[in-house]
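One structure is given below, encoded as structure tokens.
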Amino acid sequence: ALAGKATDEHRSGPVLVDVKSGLVHLRDQAPLHPSNMDLRDGMSFPDYIRLLNDRVFFWPGDERGPIPSGRNHFARYREEACQVIVCPTESLFRANDGRRAEFCRFNSGAPRFSGGKAPPRGRQTFRRAFEFDGTASDVIEVTWTDAAKLPADMRVVDPRRWRAE
């Protein structure tokens, strides 16, 4: 299982974490700036960092690779020798049966102004399926709090084969 790292520390660079299955690099949070978001629900910037760091994230996609947001993310790190876990959505949900997945309609860790406004961020950033206001194609991130079990049919791939869009 993969597990998040619940801390309110903003990562300026990657962090190496030892999990049961081995060593994992947690990516930096360089695109995350407090001035680029409208924090809600009484959250401070460290509160929002903890909310993110308490999660395991997956980009949706299909046989060709992740959605454009995921491709752009991996393009940012193309010079690094990273590996990406790929698995069928159905298998991932089956492996985590009984655990609550939550969905986000944007890249929660890279807020950008839109129409001159800072995007809202807070506890409502992640929604359960019955609370999610949108369709499956509106999902940009799939998350679990604390940990996610990986299905047996998962594989590890080199993301450099995916092009940014």
Percent of accessible area on the chain owned by carbon and sulfur, 1.4 Å probe?
-> 50
Given charges at beta-carbon only (K, R positive; D, E negative), |dipole| of the stretch 85-131 in Debye | 260
In whole Hz, what ³J(HN,Hα) sequence does the stretch 115-124 give by Karplus (6.51, -1.76, 1.60; θ = phi - 60°), x for Gly and Pro?
-> x, x, 10, 6, x, x, 9, x, 5, 7
Looking only at the stretch 36-57, which residues have a backbone nitrogen under 19 Å from a spot 7 Å from the Cα of residue 8 in the C-beta direction?
-> 36-55
1/(1 + (r/R0)^6) with r = Cβ-Cβ of residue 85 and residue 146, R0 = 22 Å, i.e. FRET efficiency to nearest 0.05, evaluates to 0.80
Hey, what do the phi angles of the stretch 80-86 turn into as Karplus ³J(HN,Hα) couplings, whole Hz, using 6.51/-1.76/1.60 and θ = phi - 60°, x for Gly and Pro?
-> 8, 8, 9, 10, 10, 7, 10
Determine the dipole magnitude for the stretch 25-150: charges of +1 sit on the beta-carbon of Lys and Arg, -1 on that of Asp and Glu, nothing else is charged, the reference point is the Cα centre, and the result goes in debye to the nearest 20.
-> 140
Residue-normalised accessible area of the stretch 20-165, expressed per residue, 1.4 Å probe, Å² | 60
For the chain, what does the alpha-carbon gyration tensor say about shape, rounded, prolate or oblate, given a ≥ b ≥ c as the root eigenvalues, a/c under 1.5 as rounded, and a/b over b/c as prolate?
-> rounded
Specify whether the C-alpha gyration tensor of the stretch 71-135 places it in the rounded, prolate or oblate class, a ≥ b ≥ c being the square roots of the eigenvalues: rounded for a/c under 1.5, otherwise prolate if a/b is larger than b/c and oblate if not.
-> oblate
Quick one: grab the alpha carbon gyration tensor of the stretch 20-92, order the square roots of its eigenvalues as a ≥ b ≥ c, and give me rounded if a/c is under 1.5, else prolate or oblate depending on whether a/b is larger than b/c.
-> prolate
Once phi for every residue in the stretch 157-163 is put through the Karplus expression 6.51 cos²θ - 1.76 cosθ + 1.60 (θ = phi - 60°), the whole-Hz ³J(HN,Hα) values, with Gly and Pro written as x, are 10, 8, x, 5, 6, 8, 9
Normalised by the number of residues in the chain, what is the relative contact order in percent for Cα pairs under 8 Å and 6+ residues apart?
-> 35
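The values are calculated or read from the model by the stated rules, or taken from the named source; none is laboratory data. All values reported here derive from a predicted model rather than from experimental measurement. Please note: Cβ atoms are built from the backbone with ideal geometry, for glycine as well, and neighbour counts cover all protein chains shown. What goes into the accessible areas is simple: the full protein's heavy atoms, side chains included, and nothing from ligands, DNA or RNA. Shrake-Rupley method; radii C 1.70, N 1.55, O 1.52, S 1.80 Å.
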